[in-house]
Each structure stands twice: as C-alpha cells, then as structure tokens.
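Worksheet: the structure to be examined is printed underneath.
The values are calculated or read from the model by the stated rules, or taken from the named source; none is laboratory data. Owing to the predicted nature of the structure, the values given are computational and were not obtained by experimental measurement. Cβ placement follows ideal geometry from the backbone for every residue including glycine, while neighbour counts extend to all protein chains displayed. Heads up: the accessible areas ignore ligands, DNA and RNA and are worked out on the full protein's heavy atoms, side chains in. Shrake-Rupley method; radii C 1.70, N 1.55, O 1.52, S 1.80 Å.
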Number of protein chains: 6
Amino acid sequence: MIFITRRERFNAAHRLFRTDFSDEKNAEVFGKCSNPNWHGHNYELFVTIKGEVNPETGFLVNLKLLSKIIREKVTDQIDHKNINLEVPFMQGKFASTEMLAMAIWDQLETSITTLGAALHCIKLYESENNFVEYYGH
Amino acid sequence: MIFITRRERFNAAHRLFRTDFSDEKNAEVFGKCSNPNWHGHNYELFVTIKGEVNPETGFLVNLKLLSKIIREKVTDQIDHKNINLEVPFMQGKFASTEMLAMAIWDQLETSITTLGAALHCIKLYESENNFVEYYGH
Amino acid sequence: MIFITRRERFNAAHRLFRTDFSDEKNAEVFGKCSNPNWHGHNYELFVTIKGEVNPETGFLVNLKLLSKIIREKVTDQIDHKNINLEVPFMQGKFASTEMLAMAIWDQLETSITTLGAALHCIKLYESENNFVEYYGH
Amino acid sequence: MIFITRRERFNAAHRLFRTDFSDEKNAEVFGKCSNPNWHGHNYELFVTIKGEVNPETGFLVNLKLLSKIIREKVTDQIDHKNINLEVPFMQGKFASTEMLAMAIWDQLETSITTLGAALHCIKLYESENNFVEYYGH
Amino acid sequence: MIFITRRERFNAAHRLFRTDFSDEKNAEVFGKCSNPNWHGHNYELFVTIKGEVNPETGFLVNLKLLSKIIREKVTDQIDHKNINLEVPFMQGKFASTEMLAMAIWDQLETSITTLGAALHCIKLYESENNFVEYYGH
Amino acid sequence: MIFITRRERFNAAHRLFRTDFSDEKNAEVFGKCSNPNWHGHNYELFVTIKGEVNPETGFLVNLKLLSKIIREKVTDQIDHKNINLEVPFMQGKFASTEMLAMAIWDQLETSITTLGAALHCIKLYESENNFVEYYGH
C-alpha cells in the first residue's frame with residue numbers, strides 16, 4: 001500500500017454567516033469572518049490517495065489523470081469564485097473550511113476509484129496557521 | 001545604513017474591473033479576476049525600512065512600534081475586508097496588486113519617518129507565484 | 001470526524017544535560033546541545049484537535065478560542081524564556097523536543113475537552129530538519 | 001510512544017520507462033518523464049521513526065546517529081547520481097517516486113532497529129506538488 | 001516605476017564538465033556535479049520586470065502574457081530535459097546556474113519589451129541553499 | 001556581473017540589554033527580549049557575493065569554498081552558542097540582529113575577496129517575520 005499526495009491551489013471569496021442570524025449575531029459568533037462584503041483566501045489543497053503500485057507502470061496512478069480530476073471536479077468550479085454564491089458543490093452549505101473539505105471529499109471520492117485507487121485524505125489550508133483534514137467518516 | 005523588513009499578513013476579497021467597461025469587456029481584459037461576485041487572497045506584505053543603527057539601543061527601530069504602525073495604517077483597515085468596497089485608502093483606486101502596493105506606501109511613508117527611519121520598499125505577494133515591489137517613485 | 005490544526009510559534013533558550021553528569025559526560029552524550037551557556041530555537045508548534053462539526057456553527061471549534069487556550073497554557077509561559085530554568089510546566093523535566101511535546105500535550109488536553117473537541121496530536125519543530133509528534137500515549 | 005522525523009535532501013537524474021516498450025510507447029505512458037536523455041529532481045526525504053523516550057537521555061534516539069544512517073544507507077548512494085544507472089539499491093527497479101520510497105524503506109528498516117526505535121514512515125517529495133508516503137506494508 | 005515578479009518552475013538533468021578535461025580533472029574541479037551519468041534539479045525561476053502602471057488597466061502587464069512568454073521561451077524548452085544535450089538556448093554553453101540565468105535573460109529580454117515593460121532580474125534557485133541573480137550586465 | 005547567494009543556518013541564545021541599565025529599564029526598552037535567563041533563535045543567513053563568471057569554470061566561485069569560509073568564519077563560532085557570552089566576533093557588541101549582520105559582514109569581507117569575488121549583502125532572518133539586510137556601508 002502506497003499513499004500519494006497531489007497539491008493544487010485555488011483562491012476564492014467567502015463569508016461565514018447564518019441567514020437566520022442578524023448581522024450583529026453573525027458578527028458575535030463568526031467575528032470578522034462574517035463581513036457582509038466578503039473576504040477571501042488562497043486555499044491550498046492536498047489530495048491523498050492510496051492503493052497498490054501497478055506492476056505494469058511502477059506507479060500507483062498517473063498523476064496527470066489525478067490532477068485532471070481534481071481540476072474538473074474541484075478547482076475549475078471554485079477558483080476565483082464566491083464560495084457562498086456560485087460554487088455548485090457548496091450550494092446550501094456553510095462556507096467554513098471544515099464543510100469545504102468534506103464537500104471536496106464528496107466531489108472526488110468516486111472519480112478516484114475509477115483510477116484504481118482510493119481517496120484517503122483531504123487536507124485544506126485556509127492560511128499558513130490553520131488547516132483541516134478529513135478522512136471520509 | 002541597515003535595512004529591516006517586517007512581514008505582516010492579511011486576507012481580503014477584491015475584483016479587477018472598470019466601471020466604464022461592460023461585464024464582457026471586463027472579462028476579456030481581466031479574465032476570471034473580474035468575476036462580479038468577487039474572489040480573494042491571503043496577501044503577504046513585506047515592509048522594508050532603512051536608516052542608521054541607534055547607538056543607544058543597538059537597533060534601527062523598535063520592531064513592535066513598526067508592527068503597530070503597519071497594523072493601524074494598513075492591516076486593521078484591510079484584513080477580512082472587500083478591497084473595492086470598504087478599504088478607506090483604496091477608495092477610487094483600481095484593486096490590482098500594483099495599486100495596492102503603492103497605496104500601502106502612501107499609508108506608511110510619513111509614519112515610518114516618525115520612527116527615525118525611512119521607508120525603502122513595499123513588497124506584496126498576491127500568491128506564491130506573483131508579487132509586486134514598489135520603491136516610492 | 002474532522003481534524004483541525006492550529007500553528008503557533010515561540011522561541012526559547014534551552015540546554016540538554018543531566019545534573020548527575022559531568023560537563024564532559026554531558027558533552028559526550030548530548031554534543032553541542034549541552035553547551036552550559038545555552039543555545040536556542042524558534043519552535044513551531046502544530047496542535048491538532050478532532051471532533052464532529054457543530055451543526056449550529058458549521059465548524060468544529062472557534063479557532064480564536066483554540067488559539068487563546070494555546071497561548072495561555074503554552075506560549076505565554078515559554079515564549080522568550082529559558083526552558084530549563086523558568087517554564088513552569090517543564091520543571092524537573094529534560095528539555096528535549098520529545099519531553100517538551102509531551103508536556104505541551106498535558107498542558108492542553110483538558111482545556112481542549114472544554115471546547116467540545118479532543119486533542120489528537122502535538123507536532124513540534126525544533127528546526128526545519130527535525131520535528132516530533134506525540135499522540136498522547 | 002513518540003514519533004521523530006528527520007529531513008534529508010538529495011538530487012538525482014532519472015527516467016521513467018520500460019525496456020520492453022518502444023520510445024513511442026514509453027512517451028505515451030510516461031509522458032515527458034520518459035525522456036531518453038534524462039531529467040532530474042531535488043528530492044526531499046522525511047524519515048519518521050517511533051519508540052519510547054529513553055529515560056536515561058530524555059530522547060528517543062540520538063538524531064546524529066539517525067542522520068548518519070540515512071546518509072550511509074541512502075543519500076551517499078543516490079545524491080548527484082543517475083537513479084536508473086548507478087544507485088545500488090535501485091538496480092532492476094522502476095525509478096518512480098513510489099518504488100524509490102519503498103526501496104529507501106528497505107535500506108533503512110534494519111538499521112533503525114539497531115538504534116532502539118522502529119521505522120514508521122518514508123515520505124518522499126519529488127516536487128512541491130507531489131509526494132509519496134510508505135508505511136512498510 | 002513598479003516591479004513585478006513571476007515564479008515558474010522546471011526540472012532538468014545536467015552535468016558540470018569541460019570536454020577538454022579528463023574525467024579525473026572534471027571530478028577535481030567540479031566534484032560530484034561532474035558525474036558523467038548526470039544528476040538533476042527542480043529549478044525555481046523568478047522573472048522580475050519593471051515599468052509604469054498602465055492607467056487603462058491598473059496593472060503593469062497582463063501576468064498571463066508574461067507567464068506565456070516565459071513558458072514559450074524558457075520552460076517549454078528546458079522542462080524535463082537534459083540541459084547539456086537538448087536545450088537549444090544552452091547549446092555550446094557551460095551548464096552552471098550562472099550561465100543558465102544569463103541565457104534565460106537573453107531568451108526573455110526582447111519579448112518582455114513587447115509587453116511594454118523591461119526585464120529587471122533573473123533569479124534562479126538550484127536548491128534551497130543556492131541561487132543566482134542576474135541583472136543583464 | 002553575477003550575484004550568488006548561499007544560505008547557511010545556525011541557532012543560538014542571546015539577550016538584548018545594556019549593562020548600564022537596570023533590569024527594569026532593560027525590560028522597558030527591550031521587552032521580553034531582555035529576559036536575563038536568555039532566549040534563542042534559529043537564524044537563517046543568506047550571504048550574497050558578486051563578480052564576473054570565471055570563463056575557465058563557468059561559475060563565479062566554487063560554492064564549496066564559499067560554504068567553507070562561512071562555516072569557519074561564522075557558523076562554527078556561533079552555532080549552538082550564547083551570542084552575548086561566547087562568540088568571539090560579537091565581544092563587546094550589542095546582540096541585536098542588526099549588529100550581528102554587520103559583524104558577520106566584517107568576518108567575511110576579506111575572505112570573500114580571496115575567492116575572486118566581492119561581498120554584496122548579508123541578509124539575516126531572526127524569525128519568519130523579521131530580517132535584516134546589510135550592504136557594507
């Protein structure tokens with residue numbers, strides 16, 4: 001069993017808030033992250049997959065195919081976008097790093113399987129000081 | 001003469017566009033950076049000042065004072081904000097990294113002088129692949 | 001289950017030695033790390049906690065509270081200090097990175113619980129080439 | 001139980017190809033990585049070992065000894081070399097990052113045991129965007 | 001006047017040697033960098049250009065165009081290649097980082113002018129510990 | 001003219017204080033950096049030299065020789081030491097990053113000349129947020 005990680009990057013605007021909260025309540029709970037005029041981040045995404053090395057090719061998967069899947073399923077849909085307003089796979093979801101990591105897992109899990117590997121971990125950096133890891137359950 | 005650099009960070013939403021352009025024209029000139037729903041970045045700011053070492057203290061300036069000035073004049077006004085809509089020192093300016101670096105210079109230049117040093121360079125990263133440097137003229 | 005990591009930094013002086021060893025014996029076992037006049041490091045601390053996402057807020061814990069706990073229990077007590085001489089939670093302990101990581105675990109474990117999460121890992125860098133991880137047992 | 005990681009670096013030339021494939025077939029399967037004239041990388045190697053802290057010394061192992069073992073068994077044999085042509089422990093193996101990580105595991109496993117610790121993970125970066133992890137089975 | 005820097009990356013194999021030296025003499029002068037079987041690096045390239053901000057667009061140049069020029073003139077010709085054997089703009093030149101930085105300057109200088117800016121600096125990292133800067137004269 | 005930079009690292013303990021100040025006065029002026037029990041840092045040193053490429057060898061200087069000079073003149077004398085108490089070239093000097101950068105310049109300037117190059121800049125990081133540059137005058 002070998003684990004391979006591919007790093008991709010995207011940047012986006014977002015806001016942490018609940019529609020059933022007033023602006024004051026949102027500010028109290030979410031602080032400056034609830035700014036109604038949005039703020040944004042350079043997100044750094046690490047996708048880790050696992051499986052057996054293919055004896056034909058000497059590697060687990062073709063990293064170009066992995067990168068292509070991440071682009072199609074995730075970064076093309078979120079890069080330079082507003083996470084709350086226009087990212088299909090985040091519709092109706094809270095735009096926190098935690099929820100985003102879990103939504104990215106759901107976007108990728110099936111496609112990784114078609115490569116002959118299994119998704120192992122989604123690691124998502126919001127800043128150099130904060131990151132989230134999700135293992136699918 | 002010695003040069004000292006202080007790194008500070010902030011994140012913000014922005015959009016590249018001209019109000020006298022149509023959305024199509026903006027998209028043509030500025031690409032996905034013109035997204036009307038905004039996007040955002042983690043900006044990394046390096047402020048370099050210069051001067052003579054103070055023989056009383058053995059340093060150029062007290063870095064805590066420098067950090068405080070950068071916070072008051074720049075990061076408190078822009079962190080977790082929308083650069084186009086709500087940053088006082090960017091009002092009426094184009095929200096590109098170039099213009100932002102120049103505006104930060106104008107915010108800091110006088111205050112640095114009160115520390116007994118001179119502002120030398122504003123270096124501003126928009127991403128790990130792109131940064132701007134401005135030397136004041 | 002989601003895992004969140006917060007990075008904090010501190011710098012401190014320390015020395016590796018045993019009081020029941022002579023200076024020669026300490027130098028033989030611990031090398032230049034046993035220098036009686038101390039040396040020091042910029043330590044980089046990664047605190048990973050785990051738990052379920054709170055459906056009310058969309059995140060695991062408020063990272064500001066996590067950061068405050070780390071500051072009160074760890075960095076305020078060790079930053080710009082001598083680990084061997086004046087850090088309360090290292091009294092009577094050997095000042096190695098291993099022992100320090102374990103002591104930081106003990107400082108944080110209970111407080112993390114009050115946030116509604118569980119401490120998962122203490123990762124501590126002494127330099128860009130060496131780091132330690134401790135999972136609590 | 002504590003985990004300690006040591007980073008070492010080396011650079012080398014390599015090529016991904018199968019001798020039973022034509023140059024065209026190799027190019028099709030392995031892309032520009034199959035270039036018959038070779039290409040190369042700065043590899044970054046993280047060796048993680050685990051065990052109990054030695055109560056005599058306050059650490060798991062002497063990191064100088066760990067570094068010496070990695071140098072003798074791995075980096076002295078591969079640094080500034082051609083992985084396909086002249087690295088003893090890669091003879092007859094495919095020069096992918098996956099196979100390299102597994103071969104490094106085999107080079108180190110026994111020697112780590114003589115230090116009184118156990119090898120836990122080989123993490124190998126081929127570039128800032130791609131890395132492999134191997135846990136020995 | 002504003003300075004903008006774009007980072008690009010490539011990896012390649014190379015060898016430091018003189019054809020009029022014996023292998024022994026090459027090994028004596030160039031050390032392990034003269035290995036006849038090649039070695040390689042992940043090179044990190046920073047291209048800095050300078051000029052006035054365009055009042056029409058609010059930026060110096062369109063970074064996409066700059067990136068495209070670097071790709072066409074430099075990275076497409078050198079990435080995953082052997083610098084000594086197959087890089088057109090290095091033919092007949094010594095494959096040191098110094099010579100490579102100067103050759104990249106020559107490749108880019110004219111094209112940058114067509115963007116309405118001037119090439120200011122080529123900064124080229126061969127490893128995290130060594131880099132070269134060239135300002136064109 | 002080409003510029004080459006070599007990175008070296010060292011860690012050390014230090015304290016900012018004046019012997020003619022009381023502990024209270026030192027604490028007021030230098031803050032927690034004046035802690036009488038010392039603190040410490042991982043310092044990162046970038047030495048930049050300049051000159052013409054040697055047509056015989058295709059490089060400016062042999063980087064191994066440059067690294068050896070930095071080790072002998074600087075890092076062997078300061079690594080794992082107390083800057084205030086036991087570093088010969090800092091005797092009688094204030095242990096700030098500014099003074100340290102200037103003292104390192106004096107240690108290296110003549111030796112660099114013997115390599116056939118000129119010292120251009122000493123850049124010294126005390127932390128990821130603060131660094132000093134000195135150009136010799």
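Would you say E:Arg7 is within 15 Å of the chain's Cα centre (by Cα) and farther than 23 Å from B:Cys121 by Cβ? When the stated conditions are applied, E:Arg7 does not pass them. Taken over the stretch D:8-32, the criterion of being of a type in the set (Gly, Ala, Ser) and surrounded by 15 or more Cβ atoms within 10 Å (Cβ to Cβ) is satisfied by D:Ala12, D:Ala13, D:Ala27.
Have a look at C:Leu85, C:Leu63 and point out the one that is closer than 30 Å to A:His14 by Cα and open to solvent by 30 Å² or more (accessible area, probe 1.4 Å). Walk me through how you get there before you give the answer.
Values: C:Leu85 fails: closer than 30 Å to A:His14 by Cα.
Of the residues listed, the single one that is closer than 30 Å to A:His14 by Cα and open to solvent by 30 Å² or more (accessible area, probe 1.4 Å) is C:Leu63.
Hey, could you check the stretch F:51-61 for residues that are in contact (Cβ under 8 Å) with a residue 40 or more places away in the chain and more than 8 Å from every other protein chain (Cβ to nearest Cβ) and say which is farthest from the chain's Cα centre (by Cα)? The qualifying residue farthest from the chain's Cα centre (by Cα) is F:Asn54. Of the set (1) out of contact with any strand residue (DSSP E or B) (no Cβ under 8 Å at 6 or more places or on another chain); (2) without any contact (Cβ under 8 Å) to a residue 24 or more places away in the chain, all apply to D:Ser111 but (2). Kindly indicate whether any position in the stretch C:77-89 is within 12 Å of chain D (Cβ to nearest Cβ), more than 16 Å from C:Cys121 (Cβ to Cβ) and of a type in the set (Phe, Trp, Tyr). Scanning the stretch C:77-89 turns up no residue that is within 12 Å of chain D (Cβ to nearest Cβ), more than 16 Å from C:Cys121 (Cβ to Cβ) and of a type in the set (Phe, Trp, Tyr).
Does B:Thr5 satisfy being at pLDDT below 95, under 24 Å from F:Leu16 (Cα atoms) and either open to solvent by less than 40 Å² (accessible area, probe 1.4 Å) or touching a strand residue (DSSP E or B) at 6+ places or on another chain (Cβ under 7 Å) (or both)? It is false that B:Thr5 is at pLDDT below 95, under 24 Å from F:Leu16 (Cα atoms) and either open to solvent by less than 40 Å² (accessible area, probe 1.4 Å) or touching a strand residue (DSSP E or B) at 6+ places or on another chain (Cβ under 7 Å) (or both). Here E:Thr48 meets each of (1) of a type in the set (Ser, Thr, Tyr); (2) free of Cβ contacts under 8 Å to residues at least 12 places away in the same chain; (3) in contact with a Ser or Thr (Cβ under 6 Å, 6 or more places away or on another chain) with one exception, condition (2). Here F:Thr48, F:Thr97 are screened, and the one residue that is open to solvent by 10 Å² or more (accessible area, probe 1.4 Å), under 30 Å from B:Ile70 (Cα atoms), within 14 Å of chain C (Cβ to nearest Cβ) and of a type in the set (Ser, Thr, Tyr) is F:Thr97. Among the residues making up the stretch D:112-126, those that are open to solvent by 20 Å² or more (accessible area, probe 1.4 Å) and farther than 16 Å from A:Gly58 by Cβ are D:Thr113, D:Thr114, D:Leu115, D:Gly116, D:Ala118, D:His120, D:Lys123, D:Tyr125. When the criteria are applied in full, B:Val29 fails the requirement of being within 13 Å of chain A (Cβ to nearest Cβ) and farther than 17 Å from B:His120 by Cα.
Here the condition is being farther than 15 Å from E:Val53 by Cβ, touching a His at 6+ places or on another chain (Cβ under 6 Å) and aliphatic (A, V, I, L, M); of B:Ile83, B:Ile70, it holds for B:Ile83 alone. Does E:Thr110 satisfy being touching a helix residue (DSSP H, G or I) at 6+ places or on another chain (Cβ under 7 Å) and more than 14 Å from chain D (Cβ to nearest Cβ)? Judged against the criteria, E:Thr110 is not a match.
Figure legend. Inter-residue proximity from the stretch C:115-137: first residues within 9 Å of another protein chain (Cβ to nearest Cβ) and within 11 Å of C:Leu100 (Cα to Cα), second residues at pLDDT below 95 and surrounded by 22 or more Cβ atoms within 10 Å (Cβ to Cβ), beta-carbon distance below 6 Å, spacing 6+ or different chains. No pairs are indicated.
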